[in-house]
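Remarks on the structure that follows.
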Amino acid sequence: MFHGSATSADLNNTFQLKANAAIAVDASSGKILYDQYGSKQGQGIASITKLLTVYMVYKNIAEGKLEWSDKVKPSDYAYNLTQDPAASNIQMVKGESFTVQDLVNACLLPSANSAAITLAEKIGGTEPKFVDQMKQQLKQWGITDEVLINSSGLNNSDLPQAYWYPGTSQDSENTMSAKDVATIAIHLIKDFPDVLNITNKPEIIFDKGGNSETMMENTDYMLPGKAYSFSGVDGLKTGTTALAGTCFVATANQNGFRVITVVLGADESVYGENSRFTETQALMENVYSHWKIQTLVTKGQSIKKYTKINITDGKSKTTNLVADANLSIPVIDNETPGYQFNKVSENLTAPIKKGEQLTKVTLLENDRLGYLNGFREPEFSLVAQKSVQKENSIILFFKHLINKASS
């Protein structure tokens, strides 16, 4: 059942990035398209942390606990960070309050650490309590191998000791695997796709009309018009620390095929900090040149070797089976997956309604890279193409009598 010139494992063996870890996934299904040490733990993620911080903001807004228009005053701890030229930030007038929307924008575009902390303290009461909420969210997604100590991604050495997460040390920093990061990114995009209306902006005004008004530039240099622009890119987040190196989570949508990539610790020997963009470009080019979205099943289509099923006590002895919906998935170099049918009774008893689900079909792919946590091979249902009414009771009585006599 499998055809094609290459498998995902083949490409993994022949294509390598200059980075500590990298992964590419289909943003719709969670299918892993490329994996270079993607499960390796202990990778610094720096300001990529803010994707999870922003997810928690969106979640609290969805739950009615927060409003985009709510004004939040930064604590002295958060404000003082704006005075540190070594920390990524925006300038704020002391004592002023800012909307949740402005603070989220500041997290995502210029990667303002003070904005992340302000949001964390607003939601959690304290940043450590907010971190506990972040950890609980990761646990719900099946991520348990992370080290998470703050909402910004900074190393503890850059922060006052009084605000360190309990039990951490001076060199503690947020770490995860590239696969973990991809899981955060896919949930953010799937659950709150409006975030892309922020990350796709090259610049946004902060505190418009206020005393801290300033133009914030997006640190994503792969957006249209930027130095490393790539077709379809509309997000997502950069990150840099001494431990993490230069990192980038990107997403692009080409002809309806959205991909998420993660590059951690890009080799800076040639392009410096911009290596995260050149390596992401190479990864996206590789993915989009080999993977394509293919419609494997269309609604109403019959599947070979399982076109009909027997019906007992019906006016018809069989009913045709057809797919209940379209199914499109990424395939590599036109490879065709096989099918695995769930068990179904050989003889169903009438009545059967048109559209009634009679079995599920799982796609079998010639692929060893698998899926992100919480995602799996796609399925579709086979349903009855037509209704089968129950036979007249008198006719059934004589049919059963004849069958009993002949048995």
Identify the single condition in (1) free of Cβ contacts under 8 Å to residues at least 24 places away in the same chain; (2) farther than 30 Å from TYR371 by Cα that GLN136 does not satisfy, given that it satisfies every other one. (2)
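Based on what the data block shows, is SER97 in contact with a Ser or Thr (Cβ under 7 Å, 6 or more places away or on another chain), modelled with pLDDT of 95 or more and surrounded by fewer than 24 Cβ atoms within 10 Å (Cβ to Cβ)?
Spelling it out, it is not the case that SER97 is in contact with a Ser or Thr (Cβ under 7 Å, 6 or more places away or on another chain), modelled with pLDDT of 95 or more and surrounded by fewer than 24 Cβ atoms within 10 Å (Cβ to Cβ).
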Taking the criterion of being in contact with a Pro (Cβ under 7 Å, 6 or more places away or on another chain) and either at pLDDT below 85 or of a type outside the set (Val, Ile, Thr) (or both), would at least one residue in region 338-356 satisfy it? no
So SER114 clears everything in (1) part of a helix (DSSP H, G or I); (2) closer than 19 Å to VAL195 by Cβ except one condition, right? Which one? (2)
1 or more residues closer than 28 Å to GLU391 by Cα and touching a Phe, Trp or Tyr at 6+ places or on another chain (Cβ under 8 Å): qualifying strands (runs of 3 or more DSSP E) within region 237-325: 318-323
Determine, yes or no, whether TYR34 is in the same structural domain as ASP180 (by TED's automatic domain parsing), assigned to a helix (DSSP H, G or I), modelled with pLDDT of 95 or more and crowded, with 17+ Cβ neighbours inside 10 Å. no
Looking for something of a type in the set (D, E, K, R), over 22 Å from the mean Cα position of the chain (by Cα) and either closer than 23 Å to PRO224 by Cα or loosely packed, with under 15 Cβ neighbours inside 10 Å (or both) - is there at least one such residue anywhere in region 275-298? no
From the list ALA120, ALA112, which one is more than 18 Å from LYS65 (Cβ to Cβ), in the same structural domain as ASP191 (by TED's automatic domain parsing), aliphatic (A, V, I, L, M) and at pLDDT 95 or above? ALA112
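Out of THR251, THR261, THR214, THR238, I need the residue that is in contact (Cβ under 8 Å) with a residue 24 or more places away in the chain and surrounded by fewer than 22 Cβ atoms within 10 Å (Cβ to Cβ). Which one?
Details: THR251 fails: surrounded by fewer than 22 Cβ atoms within 10 Å (Cβ to Cβ); THR261 fails: surrounded by fewer than 22 Cβ atoms within 10 Å (Cβ to Cβ); THR238 fails: surrounded by fewer than 22 Cβ atoms within 10 Å (Cβ to Cβ).
Of the residues listed, the single one that is in contact (Cβ under 8 Å) with a residue 24 or more places away in the chain and surrounded by fewer than 22 Cβ atoms within 10 Å (Cβ to Cβ) is THR214.
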Within region 56-90, which residues are assigned to a helix (DSSP H, G or I), closer than 17 Å to ALA112 by Cβ and in contact with a helix residue (DSSP H, G or I) (Cβ under 7 Å, 6 or more places away or on another chain)? MET56, VAL57, TYR77, ALA78, TYR79, LEU81
Taking interchain pairs and intrachain pairs at least six residues apart, which have beta carbon atoms under 8 angstrom, with the first residue in region 359-370 and over 25 Å from ASP324 (Cα atoms) and outside the structural domain of LEU33 (by TED's automatic domain parsing) and the second of a type in the set (S, T, N, Q) and surrounded by 15 or more Cβ atoms within 10 Å (Cβ to Cβ)? ASP367/THR7; ASP367/SER8; ARG368/THR7; ARG368/SER8; LEU369/SER8; LEU369/ASN12
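The values are calculated or read from the model by the stated rules, or taken from the named source; none is laboratory data. Bear in mind the structure is a predicted one, so any value in this text is a computation, not a measurement. A quick note on method: Cβ atoms are made from the backbone with ideal geometry, for glycine too, and the neighbour counts reach across all protein chains shown.
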